[in-house]
Amino acid sequence: MTTQISVVSGFLGAGKTSFLKKIIPNLEGKVALIENEFGEVGVDGDLLPSGFPVKEIYAGCICCSVVRDFEKAIKELMLHYHPQHILIEPSGVGSLSDIIKVCRGIGQKEDLDLQIKHLITIVDIAAFEDYSANFGGFYSDQIANAQIIFLSYFNQMDDQEIEKIIVQISTINPTAFIFKEDWYAHDGEELVEVLNTANGLAIDAKERINVMPAAKVFDSLSIAKPRVFSEGELEKVLAALSGKENGCILRAKGILELDTQYSILFNFTPHHCQWEYLEEDKEAKVVVIGTDLNKEAIADWFGK
Ligand SMILES: Nc1nc2c(ncn2[C@@H]2O[C@H](COP(=O)(O)OP(=O)(O)OP(=O)(O)O)[C@@H](O)[C@H]2O)c(=O)[nH]1
């Protein structure tokens with residue numbers, strides 16, 4: 001049996017995990033997932049449905065600094081679990097062109113029966129102008145190498161703005177299928193149907209556009225045991241994340257315990273910030289990614 005590899009890429013906070021949570025229960029056959037976090041702790045793994053193997057790879061990108069761990073994870077899953085699908089969520093600053101090359105390379109090197117099925121990129125359209133101007137290489141690489149592109153925060157933009165961004169995305173990648181609807185409002189079964197209609201699109205790893213390794217541009221810090229927050233303190237710390245005095249925070253996410261004893265999940269990017277109660281208690285932890293971070297000051301916001 002050939003194992004089908006699907007990669008769900010996208011810049012920091014674009015909606016990769018949300019997309020996976022929708023499609024995974026609707027895939028036929030055995031599924032395994034490889035989760036890659038640029039930071040030293042993983043939050044996404046705790047939020048995914050259970051019942052299938054998840055390999056979490058931290059502290060770097062599977063396309064470069066932790067490529068060996070990535071190869072080992074694919075090999076172990078294929079040899080010991082024999083999944084029909086391996087889904088891969090690269091870190092938000094990973095290079096899709098390099099991931100395609102690594103997947104092909106491991107198939108040949110280890111003589112594994114694998115095939116790339118879907119290369120998906122999720123684009124937060126509310127952040128498109130900002131990220132293409134400031135992180136063009138990383139951003140364009142993910143768009144240029146996708147077969148299928150889904151647009152996040154679709155319902156927050158007007159039709160004209162959406163059309164303008166679609167034109168720009170098509171300039172970067174003229175052959176990708178762009179799903180011009182609010183995928184976030186669709187259920188998983190419908191999204192899997194969309195993926196199936198896009199079967200057979202060309203896979204063509206372009207040369208990596210950005211030459212800088214992510215570790216030279218982006219910084220991260222992880223807080224393993226953050227303090228307990230009141231709701232007011234939580235609102236304050238989330239507001240502080242968008243300030244620029246301690247560097248540029250591009251992504252922060254975490255699980256925190258409130259003084260009401262409930263666990264919450266927060267998600268921050270410079271364009272969106274929200275928090276929600278979790279149905280069950282989870283281990284509190286925080287990860288922050290950005291550029292020129294004053295790690296001590298940021299750790300103090302969350303520390304004891
Ligand atoms: N309203 C709305 N929220 C979205 C959309 N896409 C993502 N989100 C929210 O954005 C936040 C981040 O989404 P994730 O799925 O964690 O993003 P990610 O790409 O996995 O994030 P990283 O792995 O940290 O880079 C979550 O709170 C999502 O619910 C969208 O299209 N509409």
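The values are calculated or read from the model by the stated rules, or taken from the named source; none is laboratory data. Worth saying up front: this structure is predicted, and the values here are computed from it rather than measured. For neighbour counting, all protein chains shown are included, and Cβ atoms are generated from backbone atoms with ideal geometry for every residue, glycine included. Note: areas computed on protein heavy atoms with side chains; ligands, DNA, RNA excluded. Shrake-Rupley method; radii C 1.70, N 1.55, O 1.52, S 1.80 Å.
Mind checking whether some residue in segment 71-91 is within 16 Å of the ligand (Cβ to nearest atom), farther than 17 Å from Ser6 by Cα and not assigned by TED's automatic domain parsing to the domain that holds Val287?
In the first step, residues of segment 71-91 are kept if they are within 16 Å of the ligand (Cβ to nearest atom); the result is 87-91.
Filter once more, so that each one left must be farther than 17 Å from Ser6 by Cα: none.
The answer is no, given that none of the residues of segment 71-91 is within 16 Å of the ligand (Cβ to nearest atom), farther than 17 Å from Ser6 by Cα and not assigned by TED's automatic domain parsing to the domain that holds Val287.
Take the residues in segment 1-18 that are within 7 Å of the ligand (Cβ to nearest atom) and under 19 Å from Glu193 (Cβ atoms); name whichever of them is surrounded by the most Cβ atoms within 10 Å (Cβ to Cβ).
Looking at the filtered set, the residue picked out is Gly15.
Quick test for you: out of Tyr139, Tyr184, Tyr131, pick the one residue that is within 16 Å of the ligand (Cβ to nearest atom), in contact with a Phe, Trp or Tyr (Cβ under 9 Å, 6 or more places away or on another chain), touching a residue at least 40 places away in the same chain (Cβ under 8 Å) and open to solvent by 20 Å² or more (accessible area, probe 1.4 Å).
Details: Tyr139 fails: open to solvent by 20 Å² or more (accessible area, probe 1.4 Å); Tyr131 fails: open to solvent by 20 Å² or more (accessible area, probe 1.4 Å).
Result: Tyr184 is the single residue among Tyr139, Tyr184, Tyr131 that is within 16 Å of the ligand (Cβ to nearest atom), in contact with a Phe, Trp or Tyr (Cβ under 9 Å, 6 or more places away or on another chain), touching a residue at least 40 places away in the same chain (Cβ under 8 Å) and open to solvent by 20 Å² or more (accessible area, probe 1.4 Å).
Check whether at least one residue in segment 267-280 is within 16 Å of the ligand (Cβ to nearest atom), more than 30 Å from Ser95 (Cα to Cα) and either of a type in the set (S, T, N, Q) or outside any strand (DSSP E or B) (or both), and report yes or no.
Going residue by residue through segment 267-280, those that are within 16 Å of the ligand (Cβ to nearest atom) are 267-279.
Right, trim to more than 30 Å from Ser95 (Cα to Cα) and you get 276-279.
This time we only want the ones that are either of a type in the set (S, T, N, Q) or outside any strand (DSSP E or B) (or both), so: 278-279.
For segment 267-280, residues within 16 Å of the ligand (Cβ to nearest atom), more than 30 Å from Ser95 (Cα to Cα) and either of a type in the set (S, T, N, Q) or outside any strand (DSSP E or B) (or both): present.
Within segment 112-119, identify whether any single residue is among the β-branched types (Val, Ile, Thr), closer than 18 Å to Thr2 by Cα, open to solvent by less than 70 Å² (accessible area, probe 1.4 Å) and within 14 Å of the ligand (Cβ to nearest atom), and answer yes or no. Lay out the reasoning, then the answer.
Initially, segment 112-119 is screened for residues among the β-branched types (Val, Ile, Thr), giving 116.
Subset that is closer than 18 Å to Thr2 by Cα: 116.
Pick out the ones that are also open to solvent by less than 70 Å² (accessible area, probe 1.4 Å) and you get 116.
Applying the additional criterion that residues be within 14 Å of the ligand (Cβ to nearest atom) yields none.
Checking segment 112-119: not a single residue is among the β-branched types (Val, Ile, Thr), closer than 18 Å to Thr2 by Cα, open to solvent by less than 70 Å² (accessible area, probe 1.4 Å) and within 14 Å of the ligand (Cβ to nearest atom).
Filter segment 187-204 for residues that are more than 14 Å from the ligand (Cβ to nearest atom) and in a helix (DSSP H, G or I) and give the result.
Glu189, Glu190, Val192, Glu193, Val194, Leu195, Asn196, Thr197
If I filter segment 22-58 down to residues being open to solvent by 60 Å² or more (accessible area, probe 1.4 Å) and within 13 Å of the ligand (Cβ to nearest atom), which single residue comes out as farthest from Ser6 (Cα to Cα)?
The extreme case among them is Tyr58.
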